[in-house]
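The structure appears below as structure tokens.
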Amino acid sequence: MTAAGYIVVGHDEKVPIKLHWTLFVAALAVGGWNPGAWLGFLVVVVAHEMGHALMVYRLGGQVCGFVVQGIGGYCDWYGPISPKGRAAIAWGGTLGQLGLLFLTLVWLQMYQPITPFVIGMIRVLTWTNVVIVGVNVLPLPPFDGHEAWKFFLYGRSHQPEVGHMPKHILRRTDSGYVPGTPEEQETTVSSRISDPDLAQRLLDSLIANPYKKDTH
């Protein structure tokens, strides 16, 4: 476990998944002492983040890692994605959860849960899942809805506007290039660059430098 309270799954040079200890507290709060409910909560979280990731890849971006906490998390990515594309990525988490809900309902048409473990898991995959979706689409920060509803305000194109840098970029650390938070990104480079060639050169230089494994 890291000093910040995360358990890191995976390798730095791939796509690290960071699980915060509050995730396990949230699972306990949602599922009580039913391990099936804990598993269901974890599946819901995974479906949400994978929905974001699949949308990132669909729009030509690159996923850098996942950070999962008890009251939220984020899929860290970078790429030349337009504001409408970012809104589509925000919808990805909700679509992932709704896909999971659909598969669960189909499964219930074929099988009936009879054990406390399975009943607890199904309860979280359905009712708790729906509640999380409802809260997450609220048009308020830090929920996905704050960005997702903007999708309907933009034009048809998912391509980045000329002279604009993507919102998610890489920042330099002692361990190499790693994803930064939106606040860090905004202080690293302006979201508007008047020289399109400069923006492209900077993006190319960032992508050309893969992660470096931390040997400390």
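The values are calculated or read from the model by the stated rules, or taken from the named source; none is laboratory data. All figures in this text were calculated on a predicted structure; none of them were measured in a lab. No Cβ is skipped: glycine too gets one built from the backbone with ideal geometry, and neighbour counts run over all protein chains shown.
For the range 74-90, the criterion of being in contact with a Leu (Cβ under 9 Å, 6 or more places away or on another chain), more than 19 Å from PRO142 (Cβ to Cβ) and at pLDDT 90 or above is met by at least one residue. On the stretch given as the range 72-98, residues that are part of a helix (DSSP H, G or I) and either in contact with a Ser or Thr (Cβ under 8 Å, 6 or more places away or on another chain) or of a type in the set (S, T, N, Q) (or both) total 3. Residues in the range 42-65 that are among the small types (Gly, Ala, Ser) and touching a strand residue (DSSP E or B) at 6+ places or on another chain (Cβ under 7 Å) were compared, and the one that is nearest to PRO83 (Cα to Cα) is GLY61. Return yes when VAL43 is closer than 22 Å to VAL133 by Cα, more than 19 Å from the chain's Cα centre (by Cα) and in a helix (DSSP H, G or I) and no when it is not. No, not satisfied.
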